[in-house]
């Protein structure tokens, strides 16, 4: 997911707190190059999206940053944080070497000189050794019939929150640790003006973990989990623009997008991507949704949805994105 955004001049210092501070543009502290906007967002990718390994096998993960603000100008221009699930790891370089022990999600978070942040994840699937089942011991039948006993009360395990995608959306806290896992929620992408993800709803699959990724002009709610072969999956998003009435900018357009794609075990697409695109609109609120059944041979499903608000002044154009990304792997 990409969006046009406002970016500081390489020779400037400090940060812009809001798009309405046109004075900072006028006094030369920032220069906006509109046509390069989408290419200047920091991004990072991993050498694998899914890693299928044997128990004890050594795995190597390599992070590749894209659109680094000043690559090569000084040591440590990009800083890395690695996580296994929600647990931070000690590695701080662009390469992580780790032995396969359990199924897990490996995430790398990259930060550059602009304090921009981007992340990428890899699903680790560890092969389970086949163990022959031992025959159950034969217990001789009792000579006398036992008295019927009252059934033991079953211990109920609390179900994960938001089991139903139609439940009331939860207002998410971007700074909560750990991030709450939910099928239905809302949040505010407060990076420039405060574009709102009014609601998102995730249908199908079993959700296990979540996190927020944030950069200038973009906030994404990332969710991981599993799905069953043939299961129906869906994602719906609805968003609204921020209030520009007291600012020195005006709405250019809004846009809502949603998509779902399926990948095989090697990461190659299966079938066509299912997409929804509202197109550019002056409507202050937009929505979109997609759904599809998991095809045969699918190992990973990726669902994405976002609401993008784009505005302009006499001097510049900028945008802000509130989005959701759901990555599910086939259940063992």
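The set of residues in the stretch 280-310 being within 18 Å of residue 41 (Cβ to Cβ) and surrounded by fewer than 24 Cβ atoms within 10 Å (Cβ to Cβ) consists of 304, 310. Within the option set 323, 267, 305, being at positive phi and under 21 Å from the mean Cα position of the chain (by Cα) holds for one residue only, 267.
How many of the residues making up the stretch 171-200 are in a strand (DSSP E or B), free of Cβ contacts under 8 Å to residues at least 40 places away in the same chain and crowded, with 22+ Cβ neighbours inside 10 Å? Total satisfying the criteria: 1.
Quick one: which strands (runs of 3 or more DSSP E) lie wholly within the stretch 231-303 and hold at least 1 residues that are within 30 Å of residue 123 (Cα to Cα) and touching a residue at least 40 places away in the same chain (Cβ under 8 Å)? Break it down stepwise before answering.
Values: elements: 232-240, 250-263, 269-277, 285-293.
Hits in the stretch 231-303: 232-240, 250-263, 285-293.
Just to check your reading of the model, which residue among 224, 209 is assigned to a strand (DSSP E or B) and either more than 13 Å from the chain's Cα centre (by Cα) or surrounded by fewer than 20 Cβ atoms within 10 Å (Cβ to Cβ) (or both)? Don't jump to the end; show me each part of the working.
Details: 224 fails: either more than 13 Å from the chain's Cα centre (by Cα) or surrounded by fewer than 20 Cβ atoms within 10 Å (Cβ to Cβ) (or both).
Answer to the check: 209.
Taking the condition within 30 Å of residue 236 (Cβ to Cβ), out of contact with any helix residue (DSSP H, G or I) (no Cβ under 7 Å at 6 or more places or on another chain), modelled with pLDDT of 85 or more and outside any loop (DSSP other than H, G, I, E, B), does residue 81 pass? Answer is no for this residue.
Working only within the stretch 304-327, note down all residues that are farther than 14 Å from residue 259 by Cα and in a strand (DSSP E or B).
Initial filter on the stretch 304-327 (farther than 14 Å from residue 259 by Cα): 308-322.
Within the stretch 304-327, 308, 309, 310, 311, 312, 317, 318, 319, 320, 321, 322 qualify.
The values are calculated or read from the model by the stated rules, or taken from the named source; none is laboratory data. All values derive from a computational prediction rather than experimental measurement. Every residue, glycine among them, receives a Cβ derived from its backbone with ideal geometry; neighbour counts consider all protein chains shown.
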